[in-house]
Amino acid sequence: MTLLARPPEFLSSFQQHWPFAQQLDCTLVSTRFDPQQLSDEDFIRNKISAPNAVRKRQAEYLSARLCARQALLVQTGKASLPIQQENSRIPLWPAHSCGSLSHSHGIAAAIVGSSQDWCSLGLDIEKPLKVERAERLFSTILTAAEQQYYHSLDKQDAAWYLTCAFSFKESLFKALNPLTHVYFTFQDAQVVDFKLTDAGSARLRLRKTLSDRWPTGRELEGQFSSLHGSVITLISVPAAAEA
């Protein structure tokens, strides 16, 4: 684990690390943040425009982009930033780079890779769902096949599985929506070959055709692990997949 530049007071130390089992030629940087300690000066000093949002959302926005700046510095040697596109929530990454941002409950992270190796990356962080909330949400997130597996588990394990499936599908959307510009829902993808562990891998199978290159049945590899008590998932799309 590598400690990077000293962050603003509302953040803990930046950490360059790799929580997943399969190492990829990418840079991942994470941090923890406290919205109550965020100040307007933090945006000014870092030359980043503050979004018109509540303080919590501003802290999420700034912490994720500062992680991205650190990851780009390590990966490319330049402390640049992704650009927020007008009328789109999809970040535009610097030339020859691709990446993804995520934040959840005081944790932020960014991953960056070379566009020579990857055409898209999707990263997501989720706080583990409580059993009661999982029981309310599982039918909207899981396909029929996934629901069968969900019901085969005890309640705590089922909630963990649902958290992972939810996060995987969020990562898949972040990875494929910039490539296809097609909206899809939780029901349009299925998690397969998932083993109930604290960390591991799975595959995501499309149940909806997004484009000629991304038809129903197309699969992508995904990885999951834990980060400060939360679930973190990654979907990486090799450059060859779009060739």
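Taking a ≥ b ≥ c as the square roots of the eigenvalues of the Cα gyration tensor, an a/c ratio of 1.5 or more together with a/b larger than b/c marks region 89-173 as prolate. Taking springs between alpha-carbon atoms closer than 10 angstrom, which of 37, 23, 58 fluctuates most in the Gaussian network model of the chain? Looking only at 37, 23, 58, the largest GNM fluctuation is found for 23.
Summary of the geometry: region 1-69 and region 86-164, compared by the centres of their Cα atoms, lie 19 Å apart. Helical runs (DSSP H, four residues minimum) scored at -39500 (n - 2.57) apiece and divided by the length of the chain put the mean residue ellipticity at 222 nm at -10000 deg cm²/dmol. Applying both filters, DSSP loop and at most 14 other Cβ atoms within 10 Å, to the trypsin sites (Lys or Arg not before Pro) of region 33-133 gives 47, 78, 89, 130.
Excluding same-chain neighbours fewer than eight residues apart, the lysines reachable from residue 195 by a Cα-Cα span under 18 Å are 155, 169.
Does region 1-135 come out rounded, prolate or oblate by the C-alpha gyration tensor, with a ≥ b ≥ c the root eigenvalues, rounded set by a/c under 1.5 and, if not, prolate when a/b is larger than b/c and oblate if not? Rounded. For the chain, the relative contact order comes to 17 percent (Cα pairs under 8 Å, sequence separation of at least 6). By the rule of a C-alpha distance below 20 Å, with chain neighbours fewer than 8 residues away ignored, the aspartates and glutamates paired with residue 208 are 146, 170, 188, 193, 219, 221, 242. With the charge dipole of region 2-118 set up from +1 on Lys and Arg Cβ and -1 on Asp and Glu Cβ about the Cα centre, the Cα lying farthest toward the positive end among the listed residues 51, 112, 12 is that of 51. For region 146-185, applying the loop criterion from DSSP together with a ceiling of 15 other beta carbons within 10 Å to the chymotrypsin sites (Phe, Trp or Tyr not before Pro) yields 183.
Bear in mind that the values in this text are calculations on the coordinates, not laboratory data. Note that the coordinates shown come from a computational prediction; the quantities given were computed from them, not determined experimentally. Glycine also receives a Cβ, built like all others from the backbone with ideal geometry; neighbour counts cover every protein chain displayed.
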